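Below you'll find the structure, written out as structure tokens, and then a few comments.
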Amino acid sequence: MRRSLSLTVLAVTSMVAVAFALPLGLLVRSAAEDRATSSAEQEARSVAGVLATVTDPDALRGIVEQIGATSSHGVTVLLEDGDRLGAPLDVPAERVAAARGGQAFSFDHGGSRVVAVPVRTPAGLSVVLVSTDHDQMRQGVTAAWVTIAVLSLVIVAIGVILAARIARGPVRSIEHLGAVTRRLRQGEMDARVDISGPPEVADAGRAVNDLADQIDSLLADEREAAADLSHRLRTPLTALQLQADSIRSDEDRARISDAVRGLTQEVNEVIAAARRPRPLRERTASADLAQVVRARMAFWQVLARQQGRAVTARISEDPIHVAASAEDLTAAVDTILTNVFQHTPEGTSFAVTVRDGGTPTVVVEDDGPGAPEPAPEQRGVSAGGSTGLGLDIVRRTAEASGGRFELCARDGGGTRVEITFGRAG
């Protein structure tokens, strides 16, 4: 913006300077010509006055020669009898005839300006011719033109400098406003605009701050609403705990009580997480994919044994660092395995493979009835009667790291899920 404003001022001041300099330059040249012509006319009338009082031809010749020697102009006297005194000057006969007719005038001839003044002497009517050459008519014009050009350039430069200085404040305010909006877009919800600059920019800054405050308020309401919804699960969990305590079998009571306590702890963590402002996801987030999957498989294999499921785990022994946090990887893996347990009958086998063949990949395959056709892609839409959020969570985790998510039917029956992740930088 500062550059655009400076260029605009440069164009405007240049046009103003040209509009000022051209007429002034022509006026200077015209004034120089008028000055030289006026000087020649004055000298011609002085010589005419001398001619009117001197009657001796020799004395007149000497006076004319003396005047020509000291004058900057060419002085010529045409006597009545046709003699020529002073500087040689070839003047058209019609001009001489007009002057002898009693008319005083000036005219351009041979690159010079000539002033003709008739004078009546005792011997008759003579003509005084005083010539001014081109250099005399342009005397001082070049220097004046250079001065005008320099002044014009100075005016243009001053205008551009002042425009740049004046625009500095608004431009800084606009740049600050743009920086704050970019920070808000990246998730820094505590970013605010320092109100400054012209009224229009200040109004925009206040509007951005009001919008950020409103977004903060809406997010806080959403967090509290999520916490409230999660808190509602505590009531049925409490009832379930009471029922578990009434089971007579010690083994069953302990097993179910541990499961309820674990679920209660998970709900408590969900409530706490929902009420916390979600921090900006770090671009440098990194976790060991193999380690996360290995830990989650240790958890899910217990339930798999209880349901009689054969589990095959092929997990790389080497660390596989991907561009995602351990929490996000855990949520993604748990979502996929939860779908296996929910959407396949007990006893259905499944396999989990984690490999790093250039691209970190997790593959989960089961021998169940297969994926729905077509697989749901819209968030909140499910073909199996669930919330429809799980697969979207997995997809977003994969894509945020630079990978992809694919759900399809496996050759020979069953479902195949393949998730690739971007490698940590």
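The values are calculated or read from the model by the stated rules, or taken from the named source; none is laboratory data. Note that this is a predicted model, so its numbers are computed, not measured. Cβ: placed from backbone, ideal geometry, glycine included. Neighbour counts: every protein chain shown. Heads up: the accessible areas ignore ligands, DNA and RNA and are worked out on the full protein's heavy atoms, side chains in. Shrake-Rupley method; radii C 1.70, N 1.55, O 1.52, S 1.80 Å.
Brief remarks on what is shown
- Every residue from the range 113-165 that is open to solvent by 20 Å² or more (accessible area, probe 1.4 Å), modelled with pLDDT of 85 or more and more than 28 Å from Pro23 (Cβ to Cβ): Pro118
- Of residues in the range 138-196 being within 30 Å of Ser72 (Cβ to Cβ) and among the hydroxyl-bearing types (Ser, Thr, Tyr), the one farthest from the chain's Cα centre (by Cα): Thr142
- Matching residues in the range 350-397 - criterion: being at pLDDT 80 or above and in contact with a Gly (Cβ under 9 Å, 6 or more places away or on another chain): Phe350, Thr359, Pro360, Thr361, Glu365, Asp366, Asp367, Gly368, Pro369, Asp392, Thr397
- When the range 398-422 is filtered for residues that are among the charged types (D, E, K, R) and either at pLDDT below 90 or part of a loop (DSSP other than H, G, I, E, B) (or both), the ones remaining, listed by number, are Arg410, Asp411.
- Considering the range 1-112, the qualifying helices (runs of 4 or more DSSP H), each wholly inside and each with 3 or more residues that are surrounded by 13 or more Cβ atoms within 10 Å (Cβ to Cβ) and not aliphatic (A, V, I, L, M), run over 2-53, 57-70.
- Per this entry, Thr344 is not counted among residues that are touching a residue at least 24 places away in the same chain (Cβ under 8 Å) and closer than 29 Å to Gly402 by Cα.
- Residue pairs whose Cβ atoms lie under 7 Å apart, sitting 6 or more positions apart in sequence or on different chains, and linking a residue in the range 243-271 that is under 22 Å from Asp228 (Cβ atoms) and touching a residue at least 24 places away in the same chain (Cβ under 8 Å) to a partner that is open to solvent by less than 70 Å² (accessible area, probe 1.4 Å) and among the small types (Gly, Ala, Ser), are Val267/Ser230; Val270/Ser230; Ile271/Ala227; Ile271/Ser230.
- Subset of the range 409-424 (residues that are out of contact with any strand residue (DSSP E or B) (no Cβ under 9 Å at 6 or more places or on another chain) and touching a residue at least 12 places away in the same chain (Cβ under 8 Å)): Gly413
- When restricted to residues that are among the polar types (S, T, N, Q), surrounded by 13 or more Cβ atoms within 10 Å (Cβ to Cβ) and over 18 Å from Leu5 (Cβ atoms), the range 171-195 contains 1.
- Hits in the range 305-330 - residues which are touching a residue at least 40 places away in the same chain (Cβ under 8 Å), closer than 25 Å to Ile256 by Cβ and outside any loop (DSSP other than H, G, I, E, B): Val311
- Elements of the type helices (runs of 4 or more DSSP H) sitting completely within the range 178-295 and holding at least 2 residues that are at pLDDT below 75 and among the β-branched types (Val, Ile, Thr): these cover 234-245, 250-275.
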